[in-house]
1. Would you mind checking the tilt of helix A:54-66 against the longest principal axis of the Cα atoms of chain A, expressed as 0 to 90 degrees and rounded to 10?
2. Ignore the peptide's own chain and count Cβ atoms of other chains within 10 Å of each Cβ in B:99-108; give me the average, rounded.
3. At 222 nm, what helix-only mean residue ellipticity would chain A give, in deg cm²/dmol to the nearest 500, using -39500 (n - 2.57) for each DSSP H run of four or more?
4. Could you work out which residue, out of B:62, B:107, B:98, moves most in a Gaussian network model of chain B, that is, has the largest mean-square fluctuation with Cα springs under 10 Å?
5. Where only protein heavy atoms count, and the probe is 1.4 Å, what is the accessible area per residue for chain A in Å²?
6. Does segment B:67-162 come out rounded, prolate or oblate, given a ≥ b ≥ c as the square roots of the eigenvalues of its C-alpha gyration tensor, rounded meaning a/c under 1.5 and, failing that, prolate meaning a/b above b/c?
7. Tell me the total accessible area that A and B bury against each other, 1.4 angstrom probe, in square angstrom rounded to 100.
8. With a ≥ b ≥ c taken as the square roots of the eigenvalues of the C-alpha gyration tensor of chain B, please select rounded if a/c is under 1.5 and otherwise prolate if a/b is larger than b/c or oblate if it is not?
Amino acid sequence: MAKATRAAFGEALASVGETHPKVVVVDADLSCSTNTRKFADAFPDRFIQMGIAEGNMVSAAAGLALGGMVPFAASFACFITGRFEQIRVSVGYNNANVKIVGTHAGCGIGEDGYTQMGLEDLAVMRSLPNMVVVQPGDGIEAYKATEFLADYVGPAYLRLTRQALPDINDASSYSFDFGKGVELREGKDVAIVASGGVVGYALEAAENLAKEGIDAAVVNIHTIKPIDVALLQKLAASTGRILTVEDHGVVGGLGSAVLEALSETPDVVIRTHGVRGYGQSGTHAQLYDRHRLDANGIAQTTKEFVWPERAEATG
Amino acid sequence: MRSIEELEAISRQLRIRSLRMIAKANSGHPGGSLSSAELVAALYFGVLNYRVGDPTWAARDRFVLSKGHCVPVLYAALAEAGALEDEELETLRMIDSRLQGHPDHVRLPYMEAATGSLGQGLSVAVGMALAERLDTENDYRTYCLLGDGELQAGQVWEAAMSGGKFGLGKLTAIVDYNKVQLDGYVRNIMDLEPLPDKFTSFGWHTQEVDGHDLRAILQALENGAAREDRPSMIIAHTVKGKGVSFMEDTAAWHGKAPTADELERAVAEITGTQAA
Ligand SMILES: Cc1ncc(C[n+]2csc(CCOP(=O)(O)OP(=O)(O)O)c2C)c(N)n1
């Protein structure tokens with residue numbers, strides 16, 4: 001099955017509403033896009049429409065949390081984390097129990113172009129000491145992560161995709177293990193460490209690379225903060241090479257998190273792969289091709305990393 | 001100066017071109033593009049001083065489209081003016097196109113500023129009007145078009161306060177008050193009323209006008225410019241999706257492309273011919 005993580009979030013949120021009477025939702029004129037609409041229809045008294053006023057929404061969410069409620073505040077990732085000053089003071093510094101939800105993450109949104117793309121959100125959200133950061137890699141994970149966050153106490157950021165993602169997990173056996181990376185594929189030549197909408201493509205790339213003689217491990221990092229340092233260290237030891245892959249600016253996201261985590265680990269080379277430059281309009285497929293985030297692009301990038309001499313020879 | 005009839009004909013063309021572009025791109029925002037057609041026609045073919053082919057001419061009037069998602073109607077006006085080729089309109093929202101889904105100042109200098117994150121355009125326009133005041137060589141006006149939903153953003157009121165404080169007599173802002181935003185009606189989401197009182201109290205010369213009446217729009221633009229001591233706010237009452245019956249007064253057509261069949265029916269309605 002394929003499902004957008006924002007859609008799975010919307011379903012989980014409506015279900016959490018049944019069991020968690022203190023969960024409230026604030027939204028800024030995007031309930032149809034963030035998928036908080038389902039919750040709004042089911043619990044109109046606990047849905048607060050703020051209009052196109054994300055700054056007010058974020059600080060009001062902090063007020064709701066300080067008043068004992070459990071607010072989920074949702075908008076596009078760029079717009080909500082664009083209100084960073086409100087997030088850092090009203091939410092972060094108060095240690096307010098607000099779940100900040102940013103949908104339409106990355107260049108994967110396509111045609112709307114740069115102004116609607118969350119490309120710097122992980123960089124800023126990771127920077128707050130008490131902010132945890134979760135980015136599910138498929139609908140199954142997004143559903144469970146939403147349930148987890150409803151119970152988690154403290155500021156959190158949940159990053160979701162506009163586009164549908166293929167399932168990478170098994171719905172019948174999956175449990176969301178906060179803070180733990182998920183080893184989807186073993187390999188000894190290189191570890192592809194991915195998060196969010198590109199995990200499925202990373203798996204596909206690894207399968208293709210196997211045919212060409214590269215044995216790549218694939219790890220899904222759904223919890224970017226706190227990141228699974230033990231697993232990263234294990235991968236560093238077993239492969240000596242880590243390639244991070246994400247649909248986010250190459251500065252400040254998963255790649256930076258991995259570099260920070262392994263900065264004192266010897267004998268590992270890390271390459272970070274993500275969006276370079278400002279985003280632009282285009283189809284999802286064209287943009288993933290341009291930024292080399294589709295299966296082919298990830299495979300090429302991996303080859304250049306593992307076989308630098310050959311990549312030069314083949315251009 | 002063009003006649004009212006000519007401007008009306010241009011408005012119809014702006015609607016048709018906007019819809020064709022959005023249909024070709026298979027995404028975009030028809031509702032707010034259609035509601036602004038007369039406002040953009042009055043600006044680009046009535047009052048704005050600009051040179052086709054010379055988008056960075058220092059003495060040009062500035063126009064900031066703060067509601068950047070409605071950029072198809074602006075591309076349409078530029079094509080109508082001869083600043084863009086018809087073929088280029090077909091590249092809307094395509095990779096590497098200058099016609100990005102939201103205005104891109106760097107790729108296409110006719111776009112005075114990047115917008116698309118609502119709430120920022122009036123502040124940029126305030127800055128431009130302040131620059132004009134400091135510029136000893138050039139004289140120009142700055143115009144800004146905002147959405148009504150957009151007015152919910154706090155930054156708009158920061159900009160309004162600064163425009164009033166600085167007495168920016170060469171700044172004209174227009175609100176496309178089409179009463180509908182993305183999730184529904186503005187009055188249900190976060191009501192703006194009493195809107196004229198708000199701007200007046202912030203130090204603006206404020207007028208209300210029928211935003212589909214070109215004569216009234218032109219008159220309001222002139223009245224606003226005549227007040228040299230304060231910025232001008234024109235609250236233009238419009239209909240979202242104006243000109244296409246099935247797109248009017250609904251959030252359903254805020255951000256959705258018409259199918260080929262819907263496009264054909266829409267164009268027939270706008271031109272006043274009967275669809276077969
Ligand atoms: C800061 C910000 N928040 C949310 C959005 C998403 N968005 C795009 S258009 C829109 C509704 C705009 O309504 P309005 O200003 O009334 O414009 P119009 O009706 O003229 O299209 C929203 C919420 C955005 N572009 N920017």
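1. 70
2. On the way: counts 2, 9, 11, 6, 2, 6, 0, 1, 1, 0.
Rounded to a whole number, the mean comes out at 4.
3. -11000 deg cm²/dmol
4. B:107
5. Values: 11570 Å² over 315 residues.
Ligands and nucleic acids excluded, the result is 37 Å² per residue.
6. oblate
7. Its buried surface, counting both partners, is about 1800 Å².
8. Values: a/c = 1.60, a/b = 1.31, b/c = 1.22.
It comes out prolate by the Cα gyration axes.
The values are calculated or read from the model by the stated rules, or taken from the named source; none is laboratory data. These numbers come from a predicted model, not from an experiment. All Cβ positions, glycine included, derive from the backbone under ideal geometry; neighbour counts span all protein chains shown. When the accessible area is computed, the model is the full protein with side chains, heavy atoms only, and any ligands, DNA or RNA have been set aside. Shrake-Rupley method; radii C 1.70, N 1.55, O 1.52, S 1.80 Å.
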